[in-house]
Each structure stands twice: as C-alpha cells, then as structure tokens.
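The values are calculated or read from the model by the stated rules, or taken from the named source; none is laboratory data. Nothing here was measured: the structure is a model prediction, and the numbers come from that model. Heads up, the Cβs are rebuilt from the backbone with ideal geometry, glycines too, and the neighbour counts pull from every protein chain shown. All accessible areas refer to the heavy atoms of the entire protein, side chains included, with ligands and DNA or RNA removed. Shrake-Rupley method; radii C 1.70, N 1.55, O 1.52, S 1.80 Å.
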Amino acid sequence: MPNEQTTVPLFVAAEVLTAADMNLSAGTGVPVFANTTTRDAGFGGAGEKVLAEGQLCYLSDSNIVQYYSGSAWATVGPATPGLVCVKAETAFSAVASFTADSVFTSSYTNYKLIMRYETSANAAVSLQFRAATVDTATNYNRQELVVDSTTVASGRFASQTSSKIAGSTIGSFVSLVTLELSGPQLASATNYQSLNNRNATAYTSPLIEQYFGNQSDSTQFDGIKILVASGTMTGSYTIYGYSKTV
C-alpha cells in the first residue's frame, strides 16, 4: 500500500529534513504498517521513535487501528467479532437435502449453524459431514432427550449413517435448530450438540429436543449436509465460526 512504512523516525537538532522525511507520516497522520512484524520493527531502532503509551498505528493486512497501552498493543477497531459469518443466510425450499461446502477451515475450531425450517412429512432432520464434496455416511453416534408436555424420553444410537439434529413439524409450523459443532476441520472426532425448539402440528404444543453426538472418524471435514428422512423441508440457515482471537 502507498501509505505503508517500516519506521517511525525521530529527528534530532540541526538535522536536515527532506520532503521524503516529512511525507513519511504526513499522508495519514498515523503510521501505517503492513502487519504486526513491520509494526514492531518500526520503533526503538537507530533514528526511530521509542515506542510509548498512546502510540497509534494502522495494520493494512487486518484493517484495524491499534494503540499501545504502555505494555502491549490493543485494538481500537473494528473489534474482532466473537461470531464470524462463514455462510450467509441461505434459503432452501421443498428440498430433501442441502449442502454447504468449503465452510469449515483452519481459521476456526468451533462453529454454529442456525436454521429455521418446516418439514412436509413426519420425518427426522439429520446431518452428515462432507470432505471435498463427498458425504460421510458412517460412524455417527448420539444421545437424545425429547420433552413433550410432561413426557420425557431418551435414547442412544451408535454407528449410524447420519445423526439426528431435529424433529419434524408435519406442515407449516416454523421451528428452530441451533447446532454447535466442535472440530470439523481437525483430524480427530467431530462433536456436535443440537437444541431443537420444535412446533409439531400446532404452535400451542411446542416440544423440546436435544441431541448430543459425534462423528468418530479422524477426518478433516470442510462441509455439511442437512437432510430429511422423507418428504421435503423449507426454510433458511446461516453458519458462523467462533473467533479464536480477541
């Protein structure tokens, strides 16, 4: 970038200042560095300003403004968000399944998927993980808890071809799934937990469903598939990554 510099000069008495000297910081008023490496190298050397509390800078690789507190650099803005959208809200209509590929990367360890949905039939909604656009249909394991009025039911399922994350709505009763994913891009088992606020047959009789499970292969997944056992589903979903930095 034209404004980037590699030093913050300190001038001494009787020194001749050239136009280049005066223009070094005059373009922005705040020193601009390519990254944290050039920032740290720009202070304290021969002919450079000593780094002190209150110093400002701009980093062009991350597009943030920072200040020096006297002991460390801190970000003024924009602040790093806790949740970063990696898949924009996407609608689906009357489909048996949908996929999202290239959404899990090494940038994040943990992810959140939020989905509003309806199902046309009395059929469960499940997930499968994907690697290089190929579905994985083995080694899904889960524990589930379903609360319907005062009735509580539970169950455990091992070595399945997919893993349930939500129940059916059996018609036009919009329901909610929040799905937490841990480590889909790591070369280890991928864990998930799903909370399903389900409206089945009527809004006056909501159900609570919770699912806790894993895919036990040491596979680095980069995508996900959401599917319904029969009939179709309609709704929208968004995927977020949990930031690993502050």
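What is the number of the single condition among (1) open to solvent by less than 50 Å² (accessible area, probe 1.4 Å); (2) in a strand (DSSP E or B) that GLN185 does not meet?
It fails just one condition, (2).
Is it the case that the stretch 96-107 has a residue that's under 30 Å from GLY54 (Cβ atoms), among the β-branched types (Val, Ile, Thr), open to solvent by 40 Å² or more (accessible area, probe 1.4 Å) and in a loop (DSSP other than H, G, I, E, B)?
Within the stretch 96-107, the subset under 30 Å from GLY54 (Cβ atoms) is none.
Scanning the stretch 96-107, I find no residue that is under 30 Å from GLY54 (Cβ atoms), among the β-branched types (Val, Ile, Thr), open to solvent by 40 Å² or more (accessible area, probe 1.4 Å) and in a loop (DSSP other than H, G, I, E, B), so the answer is no.
Let's see how each residue does on (1) buried (at least 19 other Cβ atoms within 10 Å of the Cβ); (2) free of Cβ contacts under 8 Å to residues at least 60 places away in the same chain:
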residue	(1), (2)
VAL174	no, no
LEU181	yes, no
TYR203	no, yes
PRO206	no, yes
GLN210	no, no
PHE221	yes, no
ILE239	yes, no
SER243	no, no
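Could you count how many residues in the stretch 18-33 are modelled with pLDDT under 75 and over 46 Å from the mean Cα position of the chain (by Cα)?
1
Across the stretch 133-162, which residue is nearest to PHE104 (Cα to Cα) among those that are in contact (Cβ under 8 Å) with a residue 60 or more places away in the chain and not in a strand (DSSP E or B)?
THR133
Considering only the stretch 223-235, how many residues are hydroxyl-bearing (Ser, Thr, Tyr) and open to solvent by less than 20 Å² (accessible area, probe 1.4 Å)?
Initial filter on the stretch 223-235 (hydroxyl-bearing (Ser, Thr, Tyr)): 230, 232, 234.
Filter once more, keeping what is open to solvent by less than 20 Å² (accessible area, probe 1.4 Å): none.
So the count comes out to 0.
Of the conditions (1) open to solvent by 70 Å² or more (accessible area, probe 1.4 Å); (2) touching a helix residue (DSSP H, G or I) at 6+ places or on another chain (Cβ under 7 Å), LEU59 satisfies every one except a single condition; which number is it?
If we test LEU59 against (1) open to solvent by 70 Å² or more (accessible area, probe 1.4 Å); (2) touching a helix residue (DSSP H, G or I) at 6+ places or on another chain (Cβ under 7 Å), just (1) comes out false.
Quick check on VAL146: is it among the β-branched types (Val, Ile, Thr) and either touching a His at 6+ places or on another chain (Cβ under 6 Å) or open to solvent by 60 Å² or more (accessible area, probe 1.4 Å) (or both)? Break it down into steps so the answer makes sense when it comes.
On the way: among the β-branched types (Val, Ile, Thr): yes; either touching a His at 6+ places or on another chain (Cβ under 6 Å) or open to solvent by 60 Å² or more (accessible area, probe 1.4 Å) (or both): no.
For VAL146, the condition - among the β-branched types (Val, Ile, Thr) and either touching a His at 6+ places or on another chain (Cβ under 6 Å) or open to solvent by 60 Å² or more (accessible area, probe 1.4 Å) (or both) - is not met.
Considering only the stretch 109-132, I want to know if a residue exists there that is farther than 29 Å from PHE173 by Cα, surrounded by 13 or more Cβ atoms within 10 Å (Cβ to Cβ) and among the aliphatic types (A, V, I, L, M).
Yes: one or more hits.
Run ALA158 past the list (1) aliphatic (A, V, I, L, M); (2) open to solvent by 60 Å² or more (accessible area, probe 1.4 Å); (3) over 23 Å from GLN210 (Cα atoms) and report the number of the one that doesn't hold.
So ALA158 meets the others, but not (3).
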